[in-house]
Structure formats: C-alpha cells, structure tokens
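Peer 1: The structure's right below; bear with me while I get my questions together.
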Amino acid sequence: MIIFWHRKDLRITDNIGLNYARQKTDKVIGLFCLDPAILTSDDISPSRVLYLLQSLQELISNYEKIGGTFLIFQQFPAPFIPVLAEKLQAEAVYWNLDVEPYSKKRDEEIEHLLAKKSIKTETFWDQLLHSPGEVFTQGNKPYTVYSPFWRNWSVKEKTAPVTAPQTLQKLTDEELKIAEELGSISLPSLEELGFNWQEELMLDGGEKCAQERLDYFVNELLINYDENRNYPALDGTSLLSAPIKFGCISPRILWRYTVESLDNCRSDEEKENIIAWQKELAWREFYQHCLYFFPELAEGAYRQQFKHFPWQNDEEKFKAWCEGKTGYPMVDASMRQLNATGWMHNRCRMIVASFLTKDLIIDWRWGEKYFMQKLYDGDLSANNGGWQWSASTGMDPKPLRIFNPASQAQKYDPEAEYIRKWLPEIASLDTSALLTGKITPMEAHSCGYVTPIVDHKQQQGLFKALYNQQKNN
C-alpha cells in the first residue's frame, strides 16, 4: 500500500506523484487532511474553502470510479500522517511538493517522523513546469527579475502530461475500520467547518469544470486574449487561477494547449495572443520560484530600503477601501466585485493595490491579507508577488509605478459598464463623471455615494517624496 497525500493537486489526471505511486502498486490510497492550521488562520477565505470542498467532492468520486479509496481527516498532518501510515501498514507515503514556507516546514517534519517509523517517502514537483533549481541565471542563482526568467524558462523543454490511473484497489473492511477509529470522516459541508458563503463562485471546483473552462477559453477567447484581458467588463481572461492554485488542472496540460494553439496559428497576431498567455503562466512560476528561494517575501518587502517604509496606515481609510467607499468609482467597483464574488479582475487588482499603497499610503501587507481573506483563488506566491509589484517593494526593474484610477477607467472601462454593474447607486450618472470620478458632492449625496477620501494628485506627490527619501537612505 502507498498512501498518496493530496494537497494542491486535487485531480487524478496528469498528477505526477499519483502516477508514480500507481506504477508501484494498484493499492494507492488517496488522502486529504483538512489542516486546522490553515482553516483557522486569519487569512482564510470562505469562498476558497468552498472551492476546495467542491474540488474534493469530485476527487473522491473519481477515486471511487476507478475502484479506489479516498480518506478525509480533519487533523494536523504532522504528526497524524505518520500514525495513519503505520496503523495501515503502508509501505510508503507519496506527495507533490509546494513552495510555501509553512508547507516546506510541515513536510520536513512529516518526512522525519515517517523515517523514524521506517516508512518510505517519495516527493515530486508537480505544480510547476520547471521546479526550483531548473531555471537559474548564468551565475547559477535564482532569478529576481521576470524578463530574463521568461527568456530562459520559455525555451526549456517542458515535460509531457502523464496518464491518469485507470484502476485502483480499495482498502479492506478491516483497514477501513482502522481509518475510522483514527477519525476518518465524510467530506464536511462549508457550514460544518464554520464558514458561510452564499454566492456562486465564478467557476465551480473540480477537474471537470476546469477542463471545460480551458476548452472554452482556448477555442473562444485566446485569439483576442492580449487585448481583451485588460477590460474588466469583458469575459477575456481564462478564469483558471483557482483551478491552477488547487491543482484541478495541471500546468503541463495548460502548456500543451498553448503549443497546439501555436501550431494552428493563422497570423502573427494570433501568435502574440497565445504567447501573452504563456507569459502569464511564466509569471505564476516566477513568483513561485521567488517564494521558494526567498521565503522572507512572505513576511515583508524584498527591497531592503523599503522594509521600514513610513506607511500612514489610516484605519478609517483602509475600511473605506475594503468596503468600496473611497469615492473613486473604478476602485470602489473593483472592491465591490471582490466582496461580492470572491474574485477580482487582474487589471482591477493592480488598480486597487496601487491606490491603497500610493494614494492611501497604507502598508501593502494590509491589502495582501485582505485579498487572501476574500479571494477564492488566493495563492500566497501570486498574491504576494502582485502586491509587492504594486507597492514598489518587490522584484521589479521599474519599481515606481503609480496608477491613476481615472485614466485606468477611461482606458479599460470606456463605457463605464464595469463601474455601473458594481456601483448601481451611481449608474444613472454621465459616463464621463463615472470615468473621471468628477462627481459633485450634491450628486454623490443624492445617489448615496461618497466623495473622494483623498486627492490623487496630492497623495501621488506625497508618496513620491516618501519613496525618494527611503530610496536614498
């Protein structure tokens, strides 16, 4: 028997660790631990837990379809997994690796405990097309700038997808009894875990929905991706961030689709759109490599001189930002979308992050945490990387970048469709007023909307002064 511990790989299709386990034996037992350390953390999102549960429900069903057993426990993985493996007399425990500091520390502890019980472990890199250490600079160091990372990463040969197991052997009744005595449970509901989320997700969890969305995106949207992805009122992005984060679809399958699309290209413009999406896949891997080699990113700024930036951290302004009540329509629409759906368009993520850090001069870590408390696709490496990019504290050759909410709205929501959808109280106002934010106090009051809590031009000057002061220290 091999126990295969699922974590961020909630699928049986093209799962490297699971594939290796099945090559060894047909008695591969699926395992997932609902980790209290994660479920009780202060940056957990109810919508993300819902997506997790939906994905697990389908994964359990897929194991059962091929004759296997999938076990759910609500336990701290260490020291529980070694106890389970010993009681079931498993020969080995396999799992796919992760880049996050908590996961790395937890995995080391479990590996040590299993070794003490003479139970083998095998670990694999599954969630990346190139594992940490495969893409280094000429000086044999990890990249800290995206562009050269992309140039090196993009030309390296990518591993092909692996086959899914077709049959598995289940636990015996005696073994199932042992698992039950150790606390195995049926998959709990969101409410049973203490969470509440009544809204529908942008994309339901599981392999099937992920594959259907990928097919639709590649066949219908990819051809115009590079342009349409910037317009939040359009369905122009892949919406695959949550499936990728939870491993409901593999990066190898995503890459294979891009290669096949390039082979079928009919114009240079089509090629540019496909490569634009490949670059987004590479951004994800860049941030994962960065977090792996620089785990301190999870705690603070990458750039040394910005570790002690004099953020103003006004709690009332932060509350207004969180609630979408800043008086800047594009910012407020974006935050309302996040609060209502557990998701925000990527262009909008950049706009609101710039506004929080550069206009409100609030510590980017406040925004990073709020995003993780709301996003159903919240991923530490991508979220941290994006926030540090926006705050000018991260790995970026052009760090001082300030977004003007009005010019962003005029460029990417020219008819104010997105703003009107998420700010219905001001939907009847002129488009120019919605885009520029030049709404009179009387109009704002009559609509039940707020006046701007800061002056963008003034705050931009203040931030630049603080930035240059820190930079020259």
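Peer 1: When you check Glu315 against the structure, is it in contact with a His (Cβ under 8 Å, 6 or more places away or on another chain) and of a type in the set (D, E, K, R), yes or no?
Peer 2: So Glu315 does not fit the description; no.
Peer 1: Go through region 423-450 and give me each residue that's part of a loop (DSSP other than H, G, I, E, B) and either of a type in the set (Lys, Arg) or over 21 Å from Leu338 (Cα atoms) (or both).
Peer 2: Ser428, Leu429, Asp430, Lys438, Ile439, Thr440
Peer 1: Test Asp413 against the criterion of being of a type in the set (D, E, K, R), closer than 20 Å to Glu296 by Cα and touching a residue at least 40 places away in the same chain (Cβ under 8 Å), and give yes or no.
Peer 2: Details: of a type in the set (D, E, K, R): yes; closer than 20 Å to Glu296 by Cα: no; touching a residue at least 40 places away in the same chain (Cβ under 8 Å): yes.
For Asp413, the condition - of a type in the set (D, E, K, R), closer than 20 Å to Glu296 by Cα and touching a residue at least 40 places away in the same chain (Cβ under 8 Å) - is not met.
Peer 1: Moving on. Need at least 2 residues that are closer than 20 Å to Asp379 by Cβ, in contact with a Phe, Trp or Tyr (Cβ under 8 Å, 6 or more places away or on another chain) and open to solvent by less than 50 Å² (accessible area, probe 1.4 Å) per element, so show me which helices (runs of 4 or more DSSP H) inside region 223-308 make the cut, counting only ones lying wholly within it.
Peer 2: 241-246, 268-293
Peer 1: Could you figure out which of (1) at pLDDT below 95; (2) closer than 27 Å to Val49 by Cα isn't true of Asn264?
Peer 2: (2)
Peer 1: Do you know which residues across region 340-369 are open to solvent by 10 Å² or more (accessible area, probe 1.4 Å), within 15 Å of Ala391 (Cα to Cα) and not charged (D, E, K, R)?
Peer 2: Across region 340-369, the qualifying residues are Met350, Trp366.
Peer 1: Could you give every pair whose Cβ atoms fall below 6 Å, whose first residue belongs to region 295-307 and is closer than 15 Å to Asp363 by Cβ, and whose second residue is loosely packed, with under 14 Cβ neighbours inside 10 Å, counting only separations of at least 6 or pairs across chains?
Peer 2: Gly300/Lys307; Ala301/Lys307
Peer 1: Still on this structure: For Gly194, are the conditions met, namely being over 21 Å from the mean Cα position of the chain (by Cα) and not in a helix (DSSP H, G or I)?
Peer 2: Against the criterion (over 21 Å from the mean Cα position of the chain (by Cα) and not in a helix (DSSP H, G or I)), Gly194 qualifies.
Peer 1: From Lys177, Lys158, grab the single residue that is touching a residue at least 60 places away in the same chain (Cβ under 8 Å) and among the basic types (Lys, Arg).
Peer 2: Criteria check complete, one pass: Lys158.
Peer 1: Looking at Leu187 and the list (1) among the aliphatic types (A, V, I, L, M); (2) surrounded by fewer than 20 Cβ atoms within 10 Å (Cβ to Cβ); (3) under 21 Å from the mean Cα position of the chain (by Cα); (4) within 25 Å of Asn19 (Cα to Cα), which single condition is not satisfied?
Peer 2: Condition (3) is where Leu187 drops out.
Peer 1: Give the number of residues within region 213-222 that are touching a helix residue (DSSP H, G or I) at 6+ places or on another chain (Cβ under 7 Å) and either outside any helix (DSSP H, G or I) or open to solvent by less than 10 Å² (accessible area, probe 1.4 Å) (or both).
Peer 2: Matching residues across region 213-222 total 2.
Peer 1: Follow-up. With the condition kept exactly as written, say whether any residue in region 19-26 is open to solvent by 10 Å² or more (accessible area, probe 1.4 Å) and within 20 Å of Ser189 (Cα to Cα).
Peer 2: No: region 19-26 contains no residue that is open to solvent by 10 Å² or more (accessible area, probe 1.4 Å) and within 20 Å of Ser189 (Cα to Cα).
Peer 1: Could we say that Phe124 is open to solvent by less than 30 Å² (accessible area, probe 1.4 Å) and over 30 Å from Gln75 (Cα atoms) here? Full working, then the answer.
Peer 2: On the way: open to solvent by less than 30 Å² (accessible area, probe 1.4 Å): yes; over 30 Å from Gln75 (Cα atoms): no.
Taking the combined requirement at face value, the residue does not satisfy it.
Peer 1: Of the residues in region 446-473, how many are at pLDDT 95 or above and polar (S, T, N, Q)?
Peer 2: 5
Peer 1: Now, a different point. Only one of Glu443, Glu417 is at pLDDT 95 or above and in contact with a Pro (Cβ under 9 Å, 6 or more places away or on another chain). Can you tell me which?
Peer 2: Answer to the check: Glu417.
Peer 1: Select, from Leu31, Leu10, the only residue that is open to solvent by less than 20 Å² (accessible area, probe 1.4 Å), in contact with a Gly (Cβ under 8 Å, 6 or more places away or on another chain) and at pLDDT 95 or above.
Peer 2: Working: Leu31 fails: in contact with a Gly (Cβ under 8 Å, 6 or more places away or on another chain).
Being open to solvent by less than 20 Å² (accessible area, probe 1.4 Å), in contact with a Gly (Cβ under 8 Å, 6 or more places away or on another chain) and at pLDDT 95 or above holds for just one of Leu31, Leu10, which is Leu10.
Here's the yes/no breakdown for (1) open to solvent by less than 30 Å² (accessible area, probe 1.4 Å); (2) closer than 30 Å to Gln74 by Cβ; (3) in contact with a Lys or Arg (Cβ under 7 Å, 6 or more places away or on another chain):
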| position | (1), (2), (3) |
| --- | --- |
| Leu128 | yes, yes, no |
| Gln138 | no, no, no |
| Ser154 | no, no, no |
| Asp204 | no, yes, no |
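Peer 1: Go through region 315-334 and give me each residue that's open to solvent by less than 10 Å² (accessible area, probe 1.4 Å) and of a type in the set (D, E, K, R).
Peer 2: Asp332
Peer 1: Return yes when Lys65 is basic (Lys, Arg), surrounded by fewer than 19 Cβ atoms within 10 Å (Cβ to Cβ) and farther than 17 Å from Gly247 by Cβ and no when it is not.
Peer 2: Criteria met by Lys65.
Peer 1: Let me ask another. Kindly indicate whether Tyr412 is open to solvent by less than 10 Å² (accessible area, probe 1.4 Å) and of a type outside the set (Asp, Glu).
Peer 2: no
Peer 1: Got a sec? Which of Gln388, Gln312, Gln337 is open to solvent by 20 Å² or more (accessible area, probe 1.4 Å) and in contact (Cβ under 8 Å) with a residue 12 or more places away in the chain?
Peer 2: Gln312
The values are calculated or read from the model by the stated rules, or taken from the named source; none is laboratory data. Since we're looking at a predicted model, the values are computed, not measured. All Cβ positions, even for glycine, are placed from backbone atoms using ideal geometry, and neighbour counts span all protein chains on display. When the accessible area is computed, the model is the full protein with side chains, heavy atoms only, and any ligands, DNA or RNA have been set aside. Shrake-Rupley method; radii C 1.70, N 1.55, O 1.52, S 1.80 Å.
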